[in-house]
Structures are given as C-alpha cells and as structure tokens.
C-alpha cells in the first residue's frame, strides 16, 4: 500500500501484477526496429495518465479494469510485437523478439472519490503519479522487459484513472494513441480496430552507404568552459557535478525519476488558455501557435538561467515526419516512431535581447528544414555515430503532445477529464491539452523542473510575456 499525506490522504491498494497476452495465437518472429526507433533519445519509458469520472449510464455495475483488460488482450493480437521483448543485436541495433510474453497489468483501488481531487492534482506534475502508475520491479529497462505497463485505479465513486507507461522505442505519441484507441474500440465490442497497424520499420533504415548531409545541432555538445559568469547554473552543474550529466543522458528511466536532483529542482505546471496564447501570438503574428509558444518558453527560461551572453543556446523540438516525408511515404496505420529532432540555435544575448518573433523565426526555419534529405541524414547519423542522445545542457527540449487526443479516448465511460504525458524533468517540456472552460478547448499546459530561484524568475518573465498587449 502506498500513501501520501499531503495535500490529500491518498492511498492506493494494488493487486499483484499480471501479464496480459494476446487473446489468440500470434506469430513468433524477430522484427528489427527502424533506425529512428532505436536512436538514443527515445530509449526511455513515457508515463501517461487519463482521469475518468463515474459513468451515469454504467451506474458502477461494470468494472473498467476488466473491460480494458479484455480490449487489451484483443488489441495485442493486431499489435503482437508489443507483447514481445526487445534485445540488442549487432552495433546496438534493437530487435523485437515477438514471443507473446505479454504486457504488465495492475488493478488498483484508491480510498477517495474522484470529486476529492483538485484540478491541479490531476495535472502534471501529478503528486500521485507513483501511486497511479507504480513501477513494477524489473520493468524499467529497455532490454528484455515488458513494453507496456498498465494500471487501472478505481475511485470509491466509480471513476477511475488509466495509467500507461510505454516503451518509446516501439512507438511515438501518434502510434501510442492509435494503439490505445484500438484497445478502446475492441473493449466496446468492435471486431477489429478502425485503423489497422502497419509495421514497415524497414522504411526508416539507413542507406547502404550512410552519408550525413545536414547539420544536426541537436546532437552537438557545445563547450561550456568559455562562459565567464560563475553563477551560470548549467556551468556549475558541469563543474561541481551536482548533476551527473552522463547518467542523465544514458539512463533510460532517469528523466522521470524523482531521485535525480530532487532537492535542487521544483516542478510546476503552466497553463495557456486562448487569452494567453493570443497575447503571445500577437507578438509574432506570422507564426503558428506552436512556434510562438515555444519561442516564449525558450526566451523566458533562458533569461531565468542567466547564462553567459555569448553562450550558445538551443531549443530542440520534435517534428512529425508522417506528412513531410515523400520518399518513402509512411503508410496510414504506421505506429512506429515517425519523428525526428531538430534544433534552433542562437546566443543567449540575441535570444534575450530580441522580441520573441526572433526566436519564433528561428524555430520556423528549423522546422521547415525537415525534408526527405534531412530525415535520411539523421537516420544515417544514428548508425554512423553510435545512436547518440540529444544534448541536455544549453538545451531545452519541447515536444507537443496536445493534438493527439489524450483527452478523447473513450472506453465506454466517456472521455477523460484530463489526459496527457506526465513526465517532468530538467530541460524537457511536454505540451499537453488543457481546457479551463468547456468553451476554451484549445488550451495547452506544460510542466517544467527548475531550481527555486530560477523558477521564480521564469514565472515573472512568463507573466510579463503573456500579459495582453495594449
């Protein structure tokens, strides 16, 4: 039993973990991942929570855990590689052994009603994440571990939380939602998913003669030794070893571990409704909402970090290549990683002294550079450079998960009140969907981890940036 005394006495009693296998026999074979799937940056697990109210129609008579479990077993017939285990082949190549061993499933009961949870406690960083998605011993690794961990926690009122932790090397956000929607459709009685899964990982493999043809700033480790400010936080991290940067870059689960820099960092979420987003966009009218918001967050965070003016600062973000890639074209139903990293780069002085339209322009130019040649170059870089991870220091990684439908998945109990990725770590920001009112459905939320003083400066800068322009 796990308990948390504040801000609510929240206790969860979990059943013994069980393995859910495909409901019918599936092929036993080995399937290599793509060279996008097994890049270093995605060798980690992603935690997702979806909060559901009690369904009036169901009157608490049906068990959501049972329905989801049955839908899951049926979905694994179509997505049978997810029931397998990954092993590492020659030169670090990841391969799925499709052995049908199954995915981990945990049933749990909480001692509170859904209504006792505040809106803030359901948002990242959720204070109950460990209770609602408890790590099963031996499940955290990438190699020879279950590829999914699912926990269904029922409240005393009949509402529930679906927690899922998925191995990112198997699928990206779009692929994950495709799979979860398949589980929901099959749980509600469908005989097959509306979108059938496509493997075809061979489409994203390196060329016979790998050739890096583009500049990939997202993987460069810029020199911090030339900075002169002794109070530069990230330089202090490197010099004093307050954070083991190598560990941060190599441990697949470290991004979401509360033990890393727990005493150094605080975690807070920031919400952006239509008013705040419009205030930001007004400062760079030719930009998309994503470009403007990323520019705003990047500038505010850089100001707060107080880096040396000549320091090279980088914003790395994820670009979905499904609609950009022409040769080869990824088929409908492809659920592997169809994403690449790209970085906007400038100096701290230029970033902080210019309006956010400057940063937004850099982001737009970086995004527009992603084409067939860029994708092939980054794939070739993976196999020639040992599948490197993206840089951590002097970098801010933003990934936009707000448009994939985390808050739309209905298992028969209605749509989630809140749903999204719950990872919160230094240097990373996940944009997730958020609505303050029913008529304001296009809002976004991001949770960040920063040292207390730096967080205070960041909040002040963000407050000024999101104030409506007169």
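Please go through segment 108-127 and give me each residue that is in contact (Cβ under 8 Å) with a residue 60 or more places away in the chain and assigned to a loop (DSSP other than H, G, I, E, B), ordered by number. Hits for segment 108-127 are 111, 112, 117, 118, 123, 124, 125, 126, 127.
Across segment 82-107, the qualifying residues are those that are within 25 Å of residue 388 (Cβ to Cβ) and touching a residue at least 60 places away in the same chain (Cβ under 8 Å), and the one among them that is surrounded by the most Cβ atoms within 10 Å (Cβ to Cβ) is 96.
Any residue that is out of contact with any helix residue (DSSP H, G or I) (no Cβ under 7 Å at 6 or more places or on another chain), farther than 28 Å from residue 319 by Cα and surrounded by fewer than 22 Cβ atoms within 10 Å (Cβ to Cβ) - is there at least one of those in segment 38-49? No; the residues of segment 38-49 include none that is out of contact with any helix residue (DSSP H, G or I) (no Cβ under 7 Å at 6 or more places or on another chain), farther than 28 Å from residue 319 by Cα and surrounded by fewer than 22 Cβ atoms within 10 Å (Cβ to Cβ). Within segment 337-344, is there a residue that is modelled with pLDDT of 95 or more, in a loop (DSSP other than H, G, I, E, B) and within 23 Å of residue 422 (Cα to Cα)? The answer is yes, given that some residue of segment 337-344 is modelled with pLDDT of 95 or more, in a loop (DSSP other than H, G, I, E, B) and within 23 Å of residue 422 (Cα to Cα). The set of residues in segment 169-193 that are surrounded by 24 or more Cβ atoms within 10 Å (Cβ to Cβ) and in a loop (DSSP other than H, G, I, E, B) comprises 169, 170, 171, 172. Do the conditions hold for residue 157, that is, is it assigned to a loop (DSSP other than H, G, I, E, B) and modelled with pLDDT of 95 or more? No, not satisfied. Kindly establish whether residue 75 is outside the structural domain of residue 429 (by TED's automatic domain parsing), under 30 Å from residue 388 (Cα atoms), touching a helix residue (DSSP H, G or I) at 6+ places or on another chain (Cβ under 6 Å) and surrounded by 19 or more Cβ atoms within 10 Å (Cβ to Cβ). Here the answer is no, as residue 75 does not meet what is asked. The number of residues in segment 289-318 that are over 21 Å from the mean Cα position of the chain (by Cα) and farther than 12 Å from residue 359 by Cβ comes to 9. Among the conditions (1) touching a residue at least 40 places away in the same chain (Cβ under 8 Å); (2) more than 30 Å from residue 233 (Cα to Cα), residue 403 misses just one, which is (1). May I ask you to verify whether residue 140 is at pLDDT 95 or above, assigned to a loop (DSSP other than H, G, I, E, B) and surrounded by fewer than 23 Cβ atoms within 10 Å (Cβ to Cβ)? So residue 140 does not fit the description; no.
The values are calculated or read from the model by the stated rules, or taken from the named source; none is laboratory data. Please read these numbers as outputs of a predicted model, since none were measured by experiment. Virtual Cβ from ideal backbone geometry, glycine too; neighbours counted across all protein chains shown.
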